[in-house]
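Bear in mind that the values in this text are calculations on the coordinates, not laboratory data. What you see is a predicted model; the values in this text were computed from it and never measured. Cβ placement follows ideal geometry from the backbone for every residue including glycine, while neighbour counts extend to all protein chains displayed.
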């Protein structure tokens, strides 16, 4: 078995939605959004699309609003681009993983600078 169908559908949705955000979706509220992963239910009826935003809390809120507003357009475009019996409903969910990694990196850099300062 080469992989579950839902995983393949998730990969397709990830690729297509990323492409749409780059080229088709013109909502100015959607800033530097990155699709980090997509999870699709086993029956392929629901796609949870995780995203990250570079910027402030306010920019994240605006981007989330823009994505929610574009949800119908994105789903309709998926129907044109991907041949499935049912196009899954979409839920956009913020993914804090990248922000958390940046935060950890800042902590490590601070510890490194402190260590270097203490050695001097």
When the stretch 14-44 is examined, which residues are found to be within 17 Å of residue 95 (Cα to Cα) and surrounded by 18 or more Cβ atoms within 10 Å (Cβ to Cβ)? 14, 17, 21, 30, 33, 35, 38, 40
For the condition in contact (Cβ under 8 Å) with a residue 24 or more places away in the chain, assigned to a helix (DSSP H, G or I) and more than 14 Å from the chain's Cα centre (by Cα), what is the one hit in 75, 62, 29? 62
Against the definition (free of Cβ contacts under 8 Å to residues at least 60 places away in the same chain and under 28 Å from residue 6 (Cα atoms)), how does residue 81 come out, yes or no? no
Kindly list the number of the only condition in (1) within 15 Å of residue 13 (Cα to Cα); (2) touching a strand residue (DSSP E or B) at 6+ places or on another chain (Cβ under 6 Å) that fails for residue 86. (2)
Could you say whether any residue in the stretch 89-105 is touching a residue at least 60 places away in the same chain (Cβ under 8 Å) and either in a helix (DSSP H, G or I) or surrounded by 10 or more Cβ atoms within 10 Å (Cβ to Cβ) (or both)? yes
Restricting to the stretch 1-13, count the residues that are under 14 Å from residue 92 (Cβ atoms) and out of contact with any helix residue (DSSP H, G or I) (no Cβ under 7 Å at 6 or more places or on another chain). 0
